[in-house]
Amino acid sequence: MTTLTSRPRRNRVLIWVALAAIVALSAWINLPTFGRVFSRSAVRVATLPAAGPLVGAGQRLLLLSPHPDDESLCCGGILQQARAAGGQVYVAWITPGDGFELDGVLTEHALRPRGASMRNLGQQRLAEARAAAGVLGIPADHTFMLGYPDGGLLRLYTTNYVTPYTSVHTGASAVYVRGALTPGAPYTGQALEADLRRVLDRVKPDVVLVPAPQDFHTDHHTLSYIALRLMAERGQSDRLRFWVIHGGLEWPLPKGLHPGLPLTVPPLATRLPWERVDLTPQEEEVKRRAMDAHRSQTRILGRFMHAFVRGNELVSPQPLPGPAGEAAATEPPGPDFSPVP
């Protein structure tokens, strides 16, 4: 039988247990020491093969970025190294990032931003993306904004391949961003693929950096599927290299700016044949400055974004586990939930 005096005591115990759990979780997320103790991936990353230069003098590297800021998060160091090796670097942003409502709340000072407010956000994020590219040394005429709907790429790939999609965030059903590659293009999969083909024809890339199919964000893995198909049409699938931003619960750890710590293997893609791209402290600093050019994002997601400023970046030459070609032919694309070996 529970007495009246035992109930408050039990409640106090539960409160202390909950507080201890919150402190432990916060330490796990934010402190490097806890990351070293509990992450087997931190040990594994040191054993990964070092990637050689992705391009050499006179070659061309194209990064397909689902949103403004992805280019800096995944590959800010790789892009610097490509330019230092004499390569030409190009970036194409697929969406203007106009679907992040919390960002719209703070930027437009609206409780439920929609329509013009979110379109203003898309225009602002394009300006930030160009500023970030400038920090990375990428000329303005080597960048492309396609301007398709943030959060809508899966719709364009499936139900709205022919029929225009209307964005729930902006109310737009066609490309509205000033400075877009094809202003007024309808929000359809056909139009998106036509623009991507224009970019590929214009750049003629030797290497194309794209999200991996395992990336959890719908826009990211949808872009991966589209890129795989378009490059296969050209007989150039071997030119693709893959990266991950949304790689699993709270990844990468610890949150915040910890330069020099390793960027560990993303839990959702542990079996990809990852290669390590080591960065110098100077390259890390330039990457951080490029990231901070996305001001509308860093003021909300700064600790998540800064967690990608690490001593290395990761790139995979294959989209799926297994022998090259065999895996792609036999396994459907999707998240890899295999445990860390």
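The values are calculated or read from the model by the stated rules, or taken from the named source; none is laboratory data. Just so it is clear, the structure is predicted and the values come from calculations on it, not from any experiment. Ideal geometry is used to build each Cβ from the backbone, glycine not excepted, and the neighbour counts take in all protein chains shown. Just the protein is used for accessible areas: all its heavy atoms, side chains included, with ligands, DNA and RNA removed. Shrake-Rupley method; radii C 1.70, N 1.55, O 1.52, S 1.80 Å.
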Q | Cα convex hull of segment 186-228, projected area averaged across orientations, nm² | A | 3.3
Q) Taking H as built 1.01 Å from N, whose amide H comes closer than 5 Å to the amide H of Arg241, not counting residues under 5 places away? A) Val208, Leu209, Val210
Q. Given 0.36 nm per residue, what is the gain on full extension from Asp278 to Tyr161 after removing their alpha carbon distance, in nm?
A. 38.1 nm
Q: Pop a pseudo-label 7 angstrom from the Cα along the beta-carbon direction at both Ala85 and Thr218 and give the gap in nm to one decimal.
A: 3.6
Q) How large, in percent, is the carbon and sulfur part of the accessible surface of segment 178-264 at a probe radius of 1.4 Å? A) 54
